[in-house]
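Attaching a single structure in structure tokens format; questions to follow.
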Amino acid sequence: MAVVLIVAACVRLGIHDGLTYPHIAKKALLVGLIVQGAAYYAGMYELHGLQSARAVFGGMLKTLALASVILWGLFYAVRPLEIGRGIFLPAIACMAVIIPSWRLLYNRISSNAGFLRRTLILGNGDLAREIAMLIREGPDFGLELVGMLSRDRASSPERDSGVIGTYSELREIVERQDIRFVIVAYPDRRGTLPVEQLLEVKFRGVEVEEGVSFYERIAGKIFVRELKPSQLIFAEGFTSRPTTRRLKRIFDVIVATIGIVLSAPLMILTAIAIKLDSPGPILYTQERAGEFGRLFTILKFRSMRTDAEKNGAQFAKENDDRVTMVGRFIRKTRLDELPQLWNVLRGDMSMVGPRPERPVFIEQLDQQVPFFKQRLYVKPGVTGHAQVRCKYGATADDMIEKLQYDLYYIKSYSLLFDLSIMLDTIKVVLLRIGAR
């Protein structure tokens, strides 16, 4: 994108001594970074949904519209950064054609069979089928699924299940189908793992990877349906050093303080709107379970009627009739979460972490969702990996999905991971994804 701008400047002005690094290259780099940031928020880096020409060109038009607004505001505020319309507009027009065309060309070349690794999954259980679905739906992974292997013929009764053989036929199928990648994706391997055949195909150059690790790397979550406690105990991660915890606390205090200062006008307007909209307090307080189950009082702007829980505690529903008119808006825009910045300053919460649940729901969900209480081993967060990846849901399946992301966050925690989640949070808030 920066090169397109430099070429546009050369075409417009000719090649001369004025096209120096301070004059044009720095500006081109700035434009490239801003357009790339706009592309991220326009969904141009999503792995799914950008295969068709319509999706790619449409996404690029959104990207350039957003980037142009930001850049024109920047040019107006900082005059030395300004780029003339005779250069800027042709460059934007060229980007609208060149970048999507490059993306489509890349998609076409990379999806060619010669660029795909033929993949075989050892197993046909829940984990194996989840991995098979990820491979089929993710062409950017560069894998071509050939099929799955079952323990024996009796364990694969479905003709169209994708099973093409048994464990004992591993070597033969690898050779016949020109397999380059084998994923071992079944939990109970005692006495059934074809060790000698796996070693042989590995020494012949076939890559072999453990299914749980592959799933975590590709999906960004931990598969809990077949998870055993020993896998959590002996897995890498799930630990945080005292230095890391202190840095996270410093980061939380700085971000929460800045957030309170910048959002103060919004919070004042929100408080006035709530007071005018319905009778009752402005703030809503509720007991939640924090780190290691310690109870604390969470603060939120009230978005429901004061009698919302007259029939007992319950999850929010789609088009919940308990939500007030102002409440519907502040829930969609996540303005109701702003008072939680005070919880962060107090140390009850972190900026990033699993969402804090009510104790009554934790006891219920612990009976339905395996390893649900393990998410209490870190401070809850205002936002989190599960919040930016999942839509709102209150069923057991929804909670399992969220837990998979929460456990992955706890296992893989770092400050850079926190920063990436906060960037994703801005995107979720702007697009109003997942709120009720």
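Bear in mind these aren't lab numbers, they're just calculated from the coordinates by the rules spelled out. Computed from a predicted structure; not experimentally measured. All Cβ positions, glycine included, derive from the backbone under ideal geometry; neighbour counts span all protein chains shown.
Which ³J(HN,Hα) values in Hz, rounded to whole numbers, follow from the phi angles of the range 271-282 under the Karplus curve 6.51 cos²θ - 1.76 cosθ + 1.60, where θ = phi - 60° and Gly and Pro get x?
Couplings: 4, 5, 4, 5, 5, 6, 7, 8, x, x, x, 6 Hz.
When you take every Cα atom in the chain, what is the radius of gyration, and what is Dmax, the widest Cα pair distance, in Å?
Rg and Dmax of the chain, Cα atoms, are 26.1, 77 Å.
Still on this structure, I have one more. What list of ³J(HN,Hα) values in whole Hz, one per residue of the range 413-428 in order, does the Karplus curve 6.51 cos²θ - 1.76 cosθ + 1.60 (θ = phi - 60°) give from phi, with Gly and Pro shown as x?
3, 7, 5, 5, 4, 4, 4, 5, 5, 5, 5, 5, 5, 4, 5, 4
Also: Residue separation times 0.36 nm, minus the C-alpha to C-alpha distance between Ser420 and Arg245: what's the value? Intermediate values should be presented prior to the final figure.
Working: separation 175, 0.36 × 175 = 63.00 nm, distance 1.77 nm.
Between Ser420 and Arg245, full extension yields an extra 61.2 nm.
Quick one: of the DSSP bridges fully inside the chain, what percent are antiparallel, nearest 5?
Values: 8 of 27 bridges.
If I count the DSSP bridges inside the chain, around 30 percent turn out antiparallel.
Say each of Ala396 and Met267 gets a label point 7 Å from the Cα, pointing the same way as Cα to Cβ; how far apart are those two points in nm?
4.0
Right, another one. Please give the FRET efficiency for Arg305 paired with Arg129, using the beta carbon to beta carbon distance and R0 = 60 Å, rounded to the nearest 0.05.
Details: r = 44 Å, r/R0 = 0.73.
Once rounded, the FRET efficiency stands at 0.85.
Let me ask something else. How long is the gain from Glu287 to Arg54 if the chain were fully straight, where each residue apart is worth 0.36 nm and the alpha carbon distance is subtracted?
Numbers: separation 233, 0.36 × 233 = 83.88 nm, distance 4.80 nm.
Value of the extension gain: 79.1 nm.
Between Gly123, Gly211, Gly73, where does the largest GNM mean-square fluctuation fall for the chain, given springs only between Cα atoms within less than 10 Å?
Ranking Gly123, Gly211, Gly73 by mean-square fluctuation puts Gly73 first.
Along the three principal axes, how long is the range 2-110 when you take its alpha carbons, biggest first, rounded to the nearest angstrom?
Computed over the Cα atoms, the extents are 43, 28, 19 Å.
Take peptides 402-411, 331-340 and line them up by average Cβ neighbours within 10 Å, highest first, as a rough protection proxy.
402-411, 331-340
Label the range 113-219 by shape, choosing from rounded, prolate and oblate, from the square roots a ≥ b ≥ c of the eigenvalues of the Cα gyration tensor; if a/c is under 1.5 it is rounded, and otherwise prolate applies when a/b is larger than b/c, oblate when it is not.
Here the range 113-219 falls in the rounded category.
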